[in-house]
Amino acid sequence: MSCAECGNAAVKEAREIVADVGSEPEKVIPLLQEIQKRHGYLSQELVEAVAEEIKIPASRLYGVATFYSQFRFAPIGKHLIRVCKGTACHVAGAEKVYSIISEDLKVDEGGTTADGLFTLESVACLGCCSLAPVVMIDDNIYGKLSPAKMGKILKEYADGK
Ligand code: FES
């Protein structure tokens, strides 16, 4: 795909997004959420195309986005690992579980493995504290984890789960 075609695709998609979500000033966050929902992160090309479409500077959209931790500015890996570090999980050993993932995959907070397979994030509470410590991978919840159990689960994903 040439750059001109990329640009056109972004313009087309930006139009769709704005038509769906709206262009009023209070729609800035929903617009950013929609971009992230579609691509997993805020692609620069699409943010710029949406800004153009709603006639505001892209810097304003970025200004809003950087204020909220929910937005990502780089593509995520094939699998998103969220390690809960809320109180219940912290007490139950979340830090050890986090460390084993970080060491096994050689990735730091918010980072993506070199092979693009995993992105690692910590979160405040996944809402299932009775299963502490808890990790969510994509849409799957894993509870009552130990470092050994976590290592086994990671291997399953690495092997193509
Ligand atoms: S504290 Fe971890 S799920 Fe609530």
**Q.** 3J(HN,Hα) from dihedral phi, the stretch 23-40, Karplus parametrisation 6.51/-1.76/1.60, rounded to Hz, x for glycine, proline
**A.** 10, 5, x, 6, 8, 4, 5, x, 5, 5, 4, 5, 4, 5, 4, 6, 10, x
Q: With all distinct Cα pairs included, what does the Kirkwood hydrodynamic radius of the stretch 3-67 come out to in Å, to one decimal, could you say?
A: 11.5
Q | log₁₀ of I(q)/I(0) at q = 0.12, 0.18 Å⁻¹ - the chain, Debye sum with one point per alpha carbon | A | -0.63, -1.01
Q. Which of 143, 63, 86 moves most in a GNM of the chain, Cα contacts under 10 Å?
A. 63
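How charged is the neighbourhood of residue 61? Take every other residue with its Cβ under 13 Å from the Cβ of residue 61, and add Lys/Arg as +1 and Asp/Glu as -1.
Values: positive: 27, 55, 60; negative: 34, 45, 48, 52, 53.
Surrounding charge for residue 61 is -2.
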Q) In what sequence do 118, 67 fall when counting other Cβ within 10 Å, fewest first? A) 67, 118
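Quantify how much of the Cα-Cα distance distribution of the stretch 79-158 extends past 20 Å, in percent.
Details: 608 of 3160 pairs.
Pairs farther apart than 20 Å: 19 percent.
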Q. Rounded to the nearest 5, what % of the DSSP beta bridges within the chain are antiparallel ones?
A. 55
Q: Please tell me the relative contact order of the chain in percent, rounded to the nearest whole number, where contacts are Cα pairs under 8 Å and at least six residues apart.
A: 19
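Suppose R0 equals 41 Å; then what is the FRET efficiency for residue 106 and residue 64 from their Cβ-Cβ distance, rounded to the nearest 0.05? Walk me through the numbers on the way to the answer.
On the way: r = 33 Å, r/R0 = 0.80.
Taking R0 as 41 Å, the efficiency between residue 106 and residue 64 is 0.80.
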Q) When 59, 23 are ordered from fewest to most other Cβ atoms inside 10 Å of their Cβ, what list results? A) 59, 23
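Quick note: the coordinates plus some simple rules give every number you see, no bench work behind them. Keep in mind that what you see is a predicted model, and the values were worked out from it rather than measured. As a convention, Cβ positions derive from the backbone with ideal geometry for all residues, glycine included, and neighbour counts pool all protein chains shown.
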